[in-house]
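Participant: Just dropping this structure here.
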Amino acid sequence: MDSYQLQKAADYVRQQWPAAHPRVGLMLGSGWDAAGDFLHCRATLTYVDIPGLGSSTVAGHSGLLHWCDAYGVETFLFQGRRHFYEGAGWTPVATPVYMLKQFGAEALVLTNASGGIRAGLQAGDLMVLNDHINLMDGNPLIGSHDSLWGPRFPDLSHVYCPSLGKRLKRIFQTLEIPHREGVYAALTGPTYETPAEVRMLRSLGADAVGMSTVPEAILAHAAGLRVGALSCIANPAAGLQPKQITHDDVIQTSREILPRLCGVLDLLWKELADELSPTNPTA
């Protein structure tokens, strides 16, 4: 990571929005673009204008940063993400997390679309992440240590905040929306996995597989932010269905279940409004 570029990005956004004080970040993955519609948008910046971030090169990722709020919870909404496989290194991937930390945020909710590995997972299922397997080409914390990311050797025993996970599962139950819970495996991409790789991942204990989320989760947890993550199972992974996997199908599946996703996130923010109240700022 380029610490100079990360700081330039945070400084640029602060210059544009000097009054911003986000408590939570929300990052939307493939096909999730409209999942943040429950938020009231105050202002918008494009990724391409933010130093070190740059525009997303992936369909289904708008590349927009919105300063929003809902129920009094000030939020930075990252509409789309940068991926390591885009070839620009870890800096664009780390920029949103670095920015949230610099602005004093306390939590980050990550979303993605993934391929289902565990038997019984179907396209359109929603899964709350409780752990991950990092098989990407490296780790975003490799390099010179920056104290912003906490200890040099962060403990990853609980990357995904147990209390946020329980809250999400309770919200699914309240809304009577079926959901799963499981382990997400992250590979670098941009190719989809081979059937042999999927069999390997299943033997390792992975329930779903994708090409994102884990780097941001590692960074946010290391920096002291609470992390919650939701995955839309867009398709059975390679070798588990007869048809080929396409990015268009991934996006389409995510968009088809957007009403459910919006309902879950809306209720989550409503509950966070009480949890993150001024009388309990560090909850």
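Participant: Would you please name the residue that is nearest to TYR4 (Cα to Cα), looking only at residues in the range 70-94 that are touching a helix residue (DSSP H, G or I) at 6+ places or on another chain (Cβ under 9 Å) and either in a helix (DSSP H, G or I) or β-branched (Val, Ile, Thr) (or both)?
Facilitator: Taking the candidates together, the pick is THR91.
Participant: Sort through ALA34, ALA43 and tell me the only one that's within 27 Å of GLY189 (Cα to Cα), out of contact with any Gly (no Cβ under 9 Å at 6 or more places or on another chain), among the aliphatic types (A, V, I, L, M) and surrounded by fewer than 20 Cβ atoms within 10 Å (Cβ to Cβ).
Facilitator: ALA34
Participant: Restricting attention to the range 95-135, which residues are outside any strand (DSSP E or B) and under 16 Å from the mean Cα position of the chain (by Cα)?
Facilitator: THR95, PRO96, VAL97, TYR98, MET99, LEU100, LYS101, ALA105, GLU106
Participant: If a residue must be surrounded by 22 or more Cβ atoms within 10 Å (Cβ to Cβ), farther than 13 Å from ALA34 by Cβ and modelled with pLDDT under 80, how many such residues does the range 233-273 contain?
Facilitator: 2
Participant: Also, I was wondering about something else. Search the range 143-170 for residues being outside any helix (DSSP H, G or I), of a type in the set (Ser, Thr, Tyr) and in contact (Cβ under 8 Å) with a residue 24 or more places away in the chain, and hand back the single one that is nearest to THR91 (Cα to Cα).
Facilitator: SER144
Participant: List the residue pairs whose Cβ atoms are under 7 Å apart, where the first residue sits in the range 116-128 and is on the phi > 0 side of the Ramachandran plot, the second is part of a loop (DSSP other than H, G, I, E, B), and the two are 6 or more positions apart or on different chains.
Facilitator: GLY124/ILE257
Participant: Taking the options THR75, THR111, name whichever one is among the polar types (S, T, N, Q), over 20 Å from ILE251 (Cβ atoms) and buried (at least 19 other Cβ atoms within 10 Å of the Cβ).
Facilitator: Result of the check over THR75, THR111: THR75.
Participant: Could you list all residues from the range 189-209 that are at pLDDT below 95 and outside any helix (DSSP H, G or I)?
Facilitator: Of everything in the range 189-209, those that are at pLDDT below 95 and outside any helix (DSSP H, G or I) turn out to be GLY189, PRO190, THR191, TYR192, GLU193, THR194.
Participant: Going residue by residue through the range 1-23, is there one that turns out to be in a loop (DSSP other than H, G, I, E, B), farther than 20 Å from LEU108 by Cβ, in contact (Cβ under 8 Å) with a residue 12 or more places away in the chain and out of contact with any Cys (no Cβ under 8 Å at 6 or more places or on another chain)?
Facilitator: yes
The values are calculated or read from the model by the stated rules, or taken from the named source; none is laboratory data. If you're wondering where the values come from, they're calculated on a predicted model, not measured in any experiment. Note that we place each Cβ from the backbone using ideal geometry, even for glycine, and neighbour counts take in every protein chain shown.
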